[in-house]
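Let me begin by handing over the structure; questions about it come next.
The values are calculated or read from the model by the stated rules, or taken from the named source; none is laboratory data. Predicted, not measured: the structure shown is a model, and the values here were computed from it. A quick note on method: Cβ atoms are made from the backbone with ideal geometry, for glycine too, and the neighbour counts reach across all protein chains shown.
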Amino acid sequence: MNALSAKTASSPAAILAASTDEAFRAGIKAWFAQELPRLAGDRYRAAEMQRLAFRREWEDHVCRSGLSGLGWSEAVGGRPLSLTRQAIYHQEYARAKAPLAVNLIGHGIVGPTLIAFGSQEQKDRFIPKLLSNEEIWCQGYSEPNSGSDLASLATRAERRGDVYVLNGQKIWTSFSHLGDWCFLLARTSSEGPRQRGISVFLVDMRLPGIRVRPIRQITGEADYGEVFFDDVEVPVACRLGEENAGWGIAMAAANFERGTYFIPRIVRLQTELEDLVRLAATTERDGRPVIHDPLVRDAIARLFCDAHALRLHADRMLKQAEEGVPPGVEGSAVKLLWSETHQRLFDLAMDIMGPAFQYGPQEKLAPAEGLWHRDYLWTRAETILAGTSEIQRNIIAERGLELPR
Amino acid sequence: MTQGISTAYSDQVLRDAAARTLAEAAPNAALAQGADASTAFAENHWRLAAEMGWTGIMVPESHGGLGLGLAETADIVEEMGAQLFCGPYALSAVLLPGLASHFGAVGDALLRELAEGSVRLGVATAEPKSDAEGRVALPLVEHAAGAGHILHLVREEGGVSFVLYRTAGATSRALQPMDPTCPIASVTLAPDAEIARVRCGHDEAERLLLPIHILTAVELVGIARAAFERAVVHVRQRKQFGEVIGRFQAIKHRLADGFTLLSHARLAVSDAVQRPGDLDAAQIARVIAADAAMKITADCIQLHGGMGFSWETDAHFYLKRARRLHASFGGTAALRKRAGDRFIESLLTTDCDRLRKADAGREEVV
Ligand SMILES: Cc1cc2nc3c(=O)[nH]c(=O)nc-3n(C[C@H](O)[C@H](O)[C@H](O)COP(=O)(O)OP(=O)(O)OC[C@H]3O[C@@H](n4cnc5c(N)ncnc54)[C@H](O)[C@@H]3O)c2cc1C
């Protein structure tokens, strides 16, 4: 091959319109392979590309090139795409080592929820700015005294004329310092069952009375924070759905996570496992590549088997979603397997590294510039967020096996 | 309970019929009373399998069989696991048809007899010894009771030999088995016992053994399912501290883990059944199913408390049967090692290729 035959990738619009899934895969793969290095320039290294600034820059580029709103209807300006192609998209995204999204909540949860429950006015206001990635969203559910027991949340929203007055505090809010808007749950009634007194609000994070304090995480980064609301006046037009109907909306929103959160992560785990093998092949201990250590090989083989099961689960989730089958308690089983397998994978990476594990995640001397270290620490969050492992087990036992509460 | 509903691999009618028939013949109560499978069940169960046409399920129609595939067989085998069927079913009905073509005329005859239900295959699982008179002594044969033939896999440099003996003229001594649903014996063969022998390379051997790995996985899922159901039923009715013990979170979480393992195993196993030629799918399914069954059958005993430890409660049969299958045909650990080695080697080989290309000055490596 010579320079003349060097291909340029097709336009995103042409790729989305590909006549076959294979052509779609080839197209999107070529697009990532072309655009990622082009945008990154001399930052085209895995560690460099995981920095927040680049993540945002890349996400903006992807969205503005016409690859946002995948699977959303044309009526809202989205780009209809079969679930199979969405899965292919995520696969190729992971294989290209493209950085994780910043506006995950916006694209993964807020968008689909607005489409399902929003008024026309709300859709017109918010969806275009999601598609262009101009507005970043955060999710205000957890509070200092309400975590696993979310229905106990106490942040109050009191109706006064055409505004709700918001008072209270959220915590562990991811990207609260970057968020332009917050998808927030607040209490609008304290009568009857707790779940029936909750409403959803779309809150402009720049309103007077809102204060954000980033909280440092075990990785050293401060990507989540606490948010204080002090007599914040939220227009009634920013209530999503009916008053006191928020719990049902929140539950529906959680279902959207199945496709947008887990499937990309399951796919990513496969490429991480491949990288782990490469790490073991290029790390030496006692003069031999670590990959020859039978204990390391056994641990890899176990991860390989679990990754296989996860892949089958992802295929099945996708198929069920396409057939409109509601997710059952198996979703909890998948979350358990994924988060725990992921933790073992990075634990093993630390073992493989030998003394180099001691570098902190921001230390340049660390292998892969500390990416393994950072993700090793990050995996500890995965058995906590989106429903802790204990809560997932409760769900399986009580809803799946019908054991008494 | 959702756990009790088993989705068929092929045909729900076949599956339900197998479940019903096998449940009626289940040995649990009798074994729990101390019955011996080799005398009480080996014959009955085999006769039942023959009457149902199951022994000839994979035998071609030209040889009097049903000529069906692995998926149909899997439906029967999962129920055999769940209902503790006592007999070398998968071994005879599945492995033998695969080997028969290598055994020439002997194989042809065996297939016909298998379809009639008159062939039953024991399997030698320990190294043979030769006695003073030059006769072959097999120290440990599974399913020896009533077996007319014994298969022995000899792992050798560069390949595997499948050796088939007939038991006519042999002397057999029944031994106490770990797994009461599988009679074992030591067998000293007659001098002319070897009737067929086929040697093949590792790849071919691996291919011949694929169906048995898949069905071992299927059977393990059946065992795990039965033990799991038993445990769930128990914790919903047993009361302590004034509460049904299923209300205690430690118990809920143990069962939630069992559910999770079982759901992975089911998926992996049905995937392997649907793609019967795929080495990874088959071997990984067996690994995942064995891990699930080992954990769930042990938990089943734990959740029954003192009664779980008693012979009279049938919980231990599941553990013991799972333990046996876990170790069969080279064992779970060896399969996991092979699958892992293949993954590692394939990855590092493609990497080498890619690096070579990159050296040639083009492709960029992240
Ligand atoms: C990195 C990260 C990002 C996050 N991002 C967001 C975000 O963007 N928005 C947001 O709203 N929240 C976010 N969260 C918060 C997350 O949803 C909560 O941490 C989680 O729901 C657990 O609540 P908690 O922290 O109050 O822990 P608790 O509920 O106090 O739990 C403490 C421990 O008790 C256990 N426990 C609690 N109840 C039970 C029970 N019934 N049975 C058995 N064990 C139980 C838990 O499993 C856990 O081990 C984030 C968390 C992390 C770690």
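Here is a list of conditions, (1) free of Cβ contacts under 8 Å to residues at least 60 places away in the same chain; (2) within 14 Å of another protein chain (Cβ to nearest Cβ); (3) aliphatic (A, V, I, L, M), and residue A:245 meets all of them except one; can you say which number that is?
Going through the list (1) free of Cβ contacts under 8 Å to residues at least 60 places away in the same chain; (2) within 14 Å of another protein chain (Cβ to nearest Cβ); (3) aliphatic (A, V, I, L, M), residue A:245 breaks only (2).
Count, please, the residues in the range A:129-145 that happen to be polar (S, T, N, Q) and within 14 Å of residue A:186 (Cα to Cα). Break it down into steps so the answer makes sense when it comes.
First, the residues of the range A:129-145 that are polar (S, T, N, Q): A:132-133, A:139, A:142, A:145.
Cutting the leftovers down to within 14 Å of residue A:186 (Cα to Cα) gives us A:139, A:142, A:145.
Total meeting the criteria: 3.
So that you can scan it fast, the table gives a plain yes or no per residue for (1) closer than 26 Å to residue B:259 by Cα; (2) touching a residue at least 40 places away in the same chain (Cβ under 8 Å); (3) within 14 Å of chain A (Cβ to nearest Cβ):
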{"position": "B:43", "(1), (2), (3)": "no, yes, no"}
{"position": "B:51", "(1), (2), (3)": "no, yes, no"}
{"position": "B:63", "(1), (2), (3)": "no, yes, no"}
{"position": "B:79", "(1), (2), (3)": "yes, yes, no"}
{"position": "B:105", "(1), (2), (3)": "no, no, no"}
{"position": "B:109", "(1), (2), (3)": "no, no, no"}
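Inspect the range A:257-276 for any residue being away from the ligand (no atom under 14 Å from the Cβ), more than 14 Å from chain B (Cβ to nearest Cβ) and touching a strand residue (DSSP E or B) at 6+ places or on another chain (Cβ under 6 Å) and give the result as yes or no.
no
Check off (1) touching a helix residue (DSSP H, G or I) at 6+ places or on another chain (Cβ under 6 Å); (2) more than 9 Å from chain A (Cβ to nearest Cβ); (3) of a type in the set (D, E, K, R); (4) farther than 19 Å from residue B:331 by Cβ for residue B:199 and give me the number that stays unchecked.
Looking at each condition in turn, residue B:199 falls short on (1).
Residues that are among the acidic types (Asp, Glu): list the helices (runs of 4 or more DSSP H) wholly contained in the range B:1-68 that include at least 2 such residues.
On the way: elements: B:12-24, B:28-32, B:37-40, B:42-51.
The helices (runs of 4 or more DSSP H) meeting that bar are B:12-24, B:42-51.
Go through (1) more than 13 Å from chain A (Cβ to nearest Cβ); (2) without any contact (Cβ under 8 Å) to a residue 60 or more places away in the chain one by one and return the number of the condition residue B:180 breaks.
(2)
Pull up the range A:376-405, narrow it to residues that are at the interface with another protein chain (Cβ under 8 Å from one of its Cβ atoms) and polar (S, T, N, Q), then point me to the one that is farthest from the ligand (Cβ to nearest atom).
A:392
Here is a yes/no grid of residues against (1) more than 30 Å from residue B:231 (Cα to Cα); (2) of a type outside the set (D, E, K, R); (3) crowded, with 24+ Cβ neighbours inside 10 Å:
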position	(1), (2), (3)
B:60	yes, yes, no
B:77	no, yes, yes
B:81	no, yes, yes
B:87	no, yes, yes
B:96	yes, yes, yes
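Looking at B:227, B:231, B:272, B:256, can you tell me which residue is at pLDDT 95 or above, crowded, with 24+ Cβ neighbours inside 10 Å, assigned to a helix (DSSP H, G or I) and within 9 Å of another protein chain (Cβ to nearest Cβ)? Don't jump to the end; show me each part of the working.
Details: B:227 fails: within 9 Å of another protein chain (Cβ to nearest Cβ); B:231 fails: within 9 Å of another protein chain (Cβ to nearest Cβ); B:272 fails: within 9 Å of another protein chain (Cβ to nearest Cβ).
Only one candidate qualifies: B:256.
Determine which single condition residue A:182 fails, assuming it passes every other condition in (1) within 11 Å of the ligand (Cβ to nearest atom); (2) away from chain B (no Cβ under 14 Å); (3) surrounded by fewer than 17 Cβ atoms within 10 Å (Cβ to Cβ).
Checking residue A:182 against (1) within 11 Å of the ligand (Cβ to nearest atom); (2) away from chain B (no Cβ under 14 Å); (3) surrounded by fewer than 17 Cβ atoms within 10 Å (Cβ to Cβ), the one that fails is (3).
Can you find a residue in the range B:29-41 that is in contact with a Cys (Cβ under 9 Å, 6 or more places away or on another chain) and of a type in the set (Phe, Trp, Tyr)?
yes
Oh, and also: If a residue has to be more than 9 Å from every other protein chain (Cβ to nearest Cβ) and touching a Gly at 6+ places or on another chain (Cβ under 7 Å) to count, how many in the range A:303-326 make the cut?
1
Moving to a separate point now. Only one residue in A:136, A:105 is within 13 Å of the ligand (Cβ to nearest atom), at pLDDT below 95 and either among the β-branched types (Val, Ile, Thr) or more than 30 Å from residue A:43 (Cα to Cα) (or both). Which one? If you could, list the steps in order and put the result at the bottom.
Values: A:136 fails: at pLDDT below 95.
Only one candidate passes the filter, namely A:105.
Give the residue that is farthest from the other protein chains (Cβ to nearest Cβ), with candidates limited to residues of the range B:275-303 that are of a type in the set (Lys, Arg) and either assigned to a helix (DSSP H, G or I) or in contact with a strand residue (DSSP E or B) (Cβ under 8 Å, 6 or more places away or on another chain) (or both).
We begin by selecting, within the range B:275-303, every residue of a type in the set (Lys, Arg); these are B:275, B:286, B:295.
Next, only the ones that are either assigned to a helix (DSSP H, G or I) or in contact with a strand residue (DSSP E or B) (Cβ under 8 Å, 6 or more places away or on another chain) (or both) stay: B:286, B:295.
Details: B:286: 10, B:295: 14 Å.
By that ranking, first place goes to B:295.
Only one of these conditions is not met by residue B:72: (1) crowded, with 24+ Cβ neighbours inside 10 Å; (2) touching a Leu at 6+ places or on another chain (Cβ under 8 Å); (3) in contact (Cβ under 8 Å) with a residue 40 or more places away in the chain; (4) within 19 Å of residue B:219 (Cα to Cα). Which number is it?
(1)
Output the number of residues of the range A:222-256 satisfying the condition of being in contact with a strand residue (DSSP E or B) (Cβ under 9 Å, 6 or more places away or on another chain), within 12 Å of the ligand (Cβ to nearest atom) and not in a strand (DSSP E or B).
Summing the residues that are in contact with a strand residue (DSSP E or B) (Cβ under 9 Å, 6 or more places away or on another chain), within 12 Å of the ligand (Cβ to nearest atom) and not in a strand (DSSP E or B) in the range A:222-256 gives 4.
Quick check on the range A:343-360. Is at least one of its residues within 16 Å of the ligand (Cβ to nearest atom) and closer than 25 Å to residue A:223 by Cα? Outline the logic, then answer.
The initial filter retains those residues of the range A:343-360 that are within 16 Å of the ligand (Cβ to nearest atom), namely A:343, A:346.
Then keep just the ones that are closer than 25 Å to residue A:223 by Cα; that gives A:343, A:346.
The answer is yes; a qualifying residue exists.
Moving on to the next point. Restricting attention to the range B:88-102, does a residue exist that is in a loop (DSSP other than H, G, I, E, B), touching a residue at least 12 places away in the same chain (Cβ under 8 Å) and among the aliphatic types (A, V, I, L, M)? Break it down into steps so the answer makes sense when it comes.
Initial filter on the range B:88-102 (in a loop (DSSP other than H, G, I, E, B)): B:88.
Keeping just the survivors that are touching a residue at least 12 places away in the same chain (Cβ under 8 Å) gives B:88.
Then keep just the ones that are among the aliphatic types (A, V, I, L, M); that gives none.
No; the residues of the range B:88-102 include none that is in a loop (DSSP other than H, G, I, E, B), touching a residue at least 12 places away in the same chain (Cβ under 8 Å) and among the aliphatic types (A, V, I, L, M).
Okay, moving on. Does residue A:55 meet the test of being under 28 Å from residue A:24 (Cα atoms), away from chain B (no Cβ under 14 Å) and within 16 Å of the ligand (Cβ to nearest atom)? Full working, then the answer.
On the way: under 28 Å from residue A:24 (Cα atoms): yes; away from chain B (no Cβ under 14 Å): yes; within 16 Å of the ligand (Cβ to nearest atom): yes.
Criteria met by residue A:55.
While we're here: So, in the range A:16-50, of the ones that are outside any helix (DSSP H, G or I) and touching a residue at least 24 places away in the same chain (Cβ under 8 Å), which residue ends up surrounded by the most Cβ atoms within 10 Å (Cβ to Cβ)?
To start, the set of residues in the range A:16-50 that are outside any helix (DSSP H, G or I) comprises A:17-20, A:44-45, A:50.
If we keep only those that are touching a residue at least 24 places away in the same chain (Cβ under 8 Å) too, we end up with A:45, A:50.
On the way: A:45: 14, A:50: 18.
In this case the residue turns out to be A:50.
Ok, one more. Filter the range A:148-177 down to residues that are in a loop (DSSP other than H, G, I, E, B) and touching a residue at least 60 places away in the same chain (Cβ under 8 Å) and give me whichever is farthest from the ligand (Cβ to nearest atom). Quick ask: steps written out before the conclusion?
Our first condition is that a residue be in a loop (DSSP other than H, G, I, E, B); within the range A:148-177, this holds for A:148-149, A:153-155, A:161-162, A:175-177.
Restricting the remaining residues to those that are touching a residue at least 60 places away in the same chain (Cβ under 8 Å) gives A:148, A:155, A:162, A:175.
Working: A:148: 3, A:155: 11, A:162: 27, A:175: 7 Å.
Across the range A:148-177, the extreme among qualifying residues is A:162.
Here's the yes/no breakdown for (1) within 16 Å of the ligand (Cβ to nearest atom); (2) in the same structural domain as residue A:97 (by TED's automatic domain parsing); (3) closer than 30 Å to residue A:222 by Cβ:
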residue: A:327; (1), (2), (3): no, no, no
residue: A:333; (1), (2), (3): no, no, no
residue: A:338; (1), (2), (3): yes, no, yes
residue: A:367; (1), (2), (3): no, no, yes
residue: A:371; (1), (2), (3): no, no, yes
residue: A:374; (1), (2), (3): yes, no, yes
